[in-house]
1. How much length would be gained if the chain were fully extended between Glu166 and Ala137, taking 0.36 nm per residue of separation minus their Cα-Cα distance, in nm to one decimal?
2. Considering Cα pairs under 8 angstrom that are at least six residues apart, work out the relative contact order of the range 115-213 and quote it in whole percent.
3. Determine ³J(HN,Hα), in whole Hz, for all residues of the range 114-122 in sequence, where each value follows from phi through the Karplus function 6.51 cos²θ - 1.76 cosθ + 1.60 and θ = phi - 60°; x replaces Gly and Pro.
4. So what J values fall out for the range 167-175 if you push phi through Karplus, 6.51 cos²θ - 1.76 cosθ + 1.60 with θ = phi - 60°, rounded to Hz, Gly and Pro as x?
5. If you take the charge dipole of the chain about its Cα centre, with +1 on Lys and Arg Cβ and -1 on Asp and Glu Cβ, which of Pro130, Gln63, Leu53 is farthest toward its positive end?
6. To the nearest 20 debye, what is the magnitude of the charge dipole of the chain about its Cα centre, counting +1 on the Cβ of each Lys and Arg and -1 on the Cβ of each Asp and Glu?
7. Across every pair of different alpha-carbon atoms, what Kirkwood hydrodynamic radius in Å does the chain reach?
8. When the dipole is taken about the Cα centre of the range 115-213, and only Lys, Arg (+1) and Asp, Glu (-1) are charged at their Cβ, what size is it in debye, to the nearest 20?
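Where a number appears in this text, it was derived from the coordinates with a stated rule and is not lab data. Bear in mind the structure is a predicted one, so any value in this text is a computation, not a measurement. Neighbour counts are summed over all protein chains in view; Cβ atoms, including those assigned to glycine, are modelled from backbone coordinates with ideal geometry.
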Amino acid sequence: MTAASRTLLGMLTPSSNTVLEPVTSAMLADLSHVSAHFARFRVTQIALSDQALAQFQGAEMLQAAQLLADARCRTIAWNGTAAGWLGFDTDHRLCREIEAATGARATTSVLALNEALALAGVRRLGLVSPYTPDVQARIAANYAAGGIAVTAERHWNISDNFSFSEVDEPTIAHAVRAVAAQGVDAVAIYCTNLRGAGLAAGLERECGVPVFDTVATALWKSLHLASEDVRQLRAWGRLFDLIPGS
């Protein structure tokens, strides 16, 4: 198979994340011409301290993006949710910088999620994350400023990034059910080190609302930017029935 016949998707990955790589690869398992490729930079803690916030400064992220460009990835996605508490403009700026530095199309988990929320007409959001209360509140405030109210939420008060991966699927599913029962338009599983993507389709059938996982949103938008039909993955949930824009 030649490079021209392959779709190569780049993913910027937090160094302590152990979920997004196997989950993304599993989602692509039936698409033999599409593969995801990963570059890490150091992220170990999620908090609002200066030290934790400094993990997301651009230099290391851009260096990792340039390594993905060496693999001729058509797209590069920041597969993380930091813009939820840093502000969405940080991801818009990062995408511009990645595109200028690499020539690849760029997106992020959060910008893709926000596009999906807009396409689905979501105004009342259920938010499920592993984060601490102050981080969760910052995320909710940023969505409120953009016209989406977080009207139900669950979080587990964890700050160690590796530990997010040890939250089991029954715990995640219970949280999604709890917030979905409070009359939201959709539920966001808001962390790329949570095992939520494989739960989405079943929980949507059970709860009757879309369930958007942030590992899935990064892949959804990346596929579209690479001129792939996102509906190839519709078995993974309602997200993949939505057609993103350019």
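1. Numbers: separation 29, 0.36 × 29 = 10.44 nm, distance 2.27 nm.
Contour length minus Cα-Cα distance gives 8.2 nm.
2. Computed over the range 115-213, the figure is 32 percent.
3. Rounded to whole hertz, the list is 4, 5, 4, 4, 5, 5, 8, x, 7.
4. Taking θ as phi minus 60°, the curve returns 6, 7, 4, x, 5, 5, 4, 4, 5 Hz for the range 167-175.
5. Gln63
6. In debye, rounded to 20, the chain gives about 380.
7. Computed over the chain, the radius equals 17.7 Å.
8. Working: 7 positive and 11 negative charges, 60 e Å.
Dipole of the range 115-213, to the nearest 20 debye: 280 debye.
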